[in-house]
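To keep things clear, I will list the structure first and then write my remarks on it.
The values are calculated or read from the model by the stated rules, or taken from the named source; none is laboratory data. Here the structure is a predicted model, which is why all the values come from computation and not from measurement. Backbone-built Cβ (ideal geometry, glycine too); neighbour counts: all protein chains shown.
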Amino acid sequence: MNKLLALLRRELLSLFRDRYVIFSIIVAPFLSMLLIGGITVAMLAGVEDNGNSLPELSLCVQDAGDEVARELASRLGARMSCEGRYVLTLREGFGERLRTGERAEAVVLVSTDNPLSLPDQTAVAAISSALQAASLQLAIERGWTTPPPKVSVELQKKYLVKGKVMEEGEALAVASLQYAVALLFLILHFITIQVGAISVGIDKEARIAESVFTYPLRRRDLVLAKAAGVIATSIVALTSFTAGLAFVYAFLLAHVEVGGRSAAEEVSRILAEASFGAPQLLISFAAFLFLALSSSLLGTFFGYLFASDIRGALVTSSYVGLITAAPALLDIMLLSASTPLFYLFPIYPPLQSSKLSLYGAYGEGLLSLLLAALYAAVLFLLNAWIARPSVVLYGLGSMLRRRLY
Amino acid sequence: MALVEAKGVSKRFGSVRALERVSLTAAPSRVVCLVGPNGAGKTTLLRIIMGLLEPDEGEVRVFGRESWDESLRSRAYYLPQEAGLPKGLTGREFLSFIASVYGRGSADRGAELSGLGKELDRRVETYSVGMKRRLLVAAGLMVEPELLVLDEPTAGLDVSHSLFLRDAIASYAKEKSAAVIYASHNMLEVQYVCDEVLFLHKGLLVEAGAPQEIMEKHRAKNLEEVFVRVAK
């Protein structure tokens, strides 16, 4: 029994005195909850904004003399207009039909850039319920007792992307490509950030870093060479990923039918509908390179700070990768949420750049690309500042002391 | 003129005293050895000399300049304790890398100095500890630095390879008029290779001088006896 207890004590001491274990069981779950919490808040905001309180709604009445329609507009808090993101159009004779118990027809026109947007779908459901409820309330107040009012709401979508109206097929094709790009960027972000941190972890673990800092090399050259090496691995990863994807597509194209058409025809249709061509490919590739650079520098930065060996590099990069991938995760989850805070995440500007170019908004796409370049430059300077012997040899604590070597 | 001049160097890590007012001078053609038990402060002093660590007090001048001046690095070579080699490279590729970084020397010259022969075409991760040390020391000698700073260069080596390396280092200092600072636990080696010995104990410089002088002063037959006495 004593031996078992001694063994147990040794296990517990080893585990609870290991900083990476402590990080994994205390800090990482907390950080993960921040991420999951952020996503949940974004989801709830999407649902609640449109469920409990209506989104900003415009009400378009086809019959100008329809007093009932105007009353409904006032109860729904809608402005009388036929322009806006959500436009509720009450058909000719809506009020009269409501009064006589006939089916009154309305149309919700949503101007959206994403046919699959979850908040848009919940918003339409909320508008429909609110219209039904307001109609019923009005019928009760005015004594239209029989039969109860029937309101049917038809959903129409207008794909308005950066001022350009798209056909549904085109919008769906662009959205499909966007998700593919977000997924690709997410995977590459994870791989690159991990390789970046591991390359520093190896140097520290094998005690190479100490020697390297005494070689006649400039610190910025060290950082640049490491980033370039990591990017090279990213490009290999991209190639491998593309080859895997091509294999899967080749299999699908040969064996699978989509909607009565061969998968090959469907893929060609998506690419043609999205007008996917050389400009988008070029901008997306440039965005990929900047993402690879930023992710690699992010990996090395946190590697210098926290990874004293390969295990530390894996732990650090996994969580940093997860947290910094949040905007891409939201995109993939169809939330299409976006806040200025997302610009704090290095994955966001390149992702935006690629996305905007898919919309055909090349100017804005290039602007995001510029921002991605700026991000990479800032991360490079941070790396050059942190990649110093005192931090590598004595850790983060040395930064708190007087002068950094 | 001294190539390295450290005066009154002190360093603490939290409550631990690593060095307390230690001074050292290294001149051309001379081998200065640092000896002392584990935790005596040898590695800390070497790191300060190489500009990897900042002293809390005191002054360190290397080639007449501040030790962290990056322009000095091409004139010095440092072999840290338990230094590793970059994985994936062969021994010869590592020598070429060092020659390129320093802008002088060649892999052939390094190969000759290392005595590793055909082993140099194997990847370094397959090397034994001793082979790694030989390669690292050879890389240093290959680029002919004016200052060679070695932290236990023969640790993990068998007797014949230790002899080979210490001979190479001692003759290098004389032939190339280089200063060598050499930390070691091996008293026999220190007695043989060093012109001056500094005994460190718990961060303090407790004895310094030529090996023969120190032995005479302590009436000891060898430096091991001196070591045992000063480490008490």
Practice task
Inspect segment B:82-104 for any residue being among the aromatic types (Phe, Trp, Tyr), within 8 Å of another protein chain (Cβ to nearest Cβ) and buried (at least 20 other Cβ atoms within 10 Å of the Cβ) and give the result as yes or no.
Solution key: yes
Practice task
Looking only at segment B:138-149, decide whether some residue is over 19 Å from B:Val193 (Cα atoms) and within 13 Å of chain A (Cβ to nearest Cβ).
Solution key: yes
Handout entry: Any helices (runs of 4 or more DSSP H) falling wholly within segment A:1-91 and containing at least 3 residues that are modelled with pLDDT of 80 or more and surrounded by 14 or more Cβ atoms within 10 Å (Cβ to Cβ)
Key = A:67-75
Exercise for the section: Can you give me the ranges of the strands (runs of 3 or more DSSP E) entirely in segment B:15-88 with at least 2 residues that are over 30 Å from B:Tyr127 (Cβ atoms) and at pLDDT below 90? Expected result: B:16-26
Completion exercise
Those residues of segment A:351-405 that are surrounded by fewer than 20 Cβ atoms within 10 Å (Cβ to Cβ), assigned to a helix (DSSP H, G or I), away from chain B (no Cβ under 14 Å) and at pLDDT below 90 come to a total of 4
Fill in the blank from the handout: Matching residues in segment B:7-31 (β-branched (Val, Ile, Thr) and surrounded by fewer than 22 Cβ atoms within 10 Å (Cβ to Cβ)) number 2
Problem - Those residues of segment A:204-217 which are more than 7 Å from chain B (Cβ to nearest Cβ) and without any contact (Cβ under 8 Å) to a residue 60 or more places away in the chain, in sequence order - result: A:Val212
Exercise for the section: Provide a single number: the residues in segment B:62-81 that are surrounded by fewer than 17 Cβ atoms within 10 Å (Cβ to Cβ) and either hydroxyl-bearing (Ser, Thr, Tyr) or over 16 Å from A:Val212 (Cα atoms) (or both). Expected result: 4
Fill in the blank from the handout: Within segment A:174-209, the residues that are charged (D, E, K, R) and under 17 Å from A:Phe301 (Cα atoms) are A:Asp203, A:Lys204, A:Glu205
Handout entry: Qualifying residue in segment B:113-134 (condition: modelled with pLDDT under 95, within 21 Å of B:Met50 (Cα to Cα) and within 14 Å of another protein chain (Cβ to nearest Cβ))
Key = yes
Exercise for the section: May I ask you to verify whether B:Val197 is crowded, with 23+ Cβ neighbours inside 10 Å, of a type in the set (A, V, I, L, M, F, W, C) and assigned to a strand (DSSP E or B)? Expected result: yes
Handout entry: Any chance B:Gly140 is touching a Lys or Arg at 6+ places or on another chain (Cβ under 6 Å) and either hydrophobic (A, V, I, L, M, F, W, C) or modelled with pLDDT of 90 or more (or both)
Key = no
Completion exercise
Checking A:Ala326, A:Ala287 in turn, the sole residue that is in contact (Cβ under 8 Å) with a residue 12 or more places away in the chain and buried (at least 23 other Cβ atoms within 10 Å of the Cβ) turns out to be A:Ala287
Fill in the blank from the handout: With criteria (1) in a helix (DSSP H, G or I); (2) under 30 Å from B:Thr25 (Cα atoms), B:Phe94 comes up short on (2)
Problem - Filtered residues of segment B:171-194 (kept if out of contact with any Asp or Glu (no Cβ under 6 Å at 6 or more places or on another chain), not in a helix (DSSP H, G or I) and not hydroxyl-bearing (Ser, Thr, Tyr)) - result: B:Ala179, B:Val180, B:Ile181, B:His185, B:Asn186, B:Cys194
Handout entry: Meets criteria (more than 9 Å from chain A (Cβ to nearest Cβ), closer than 23 Å to B:Ala173 by Cα and of a type in the set (Asp, Glu)) for B:Glu59
Key = no
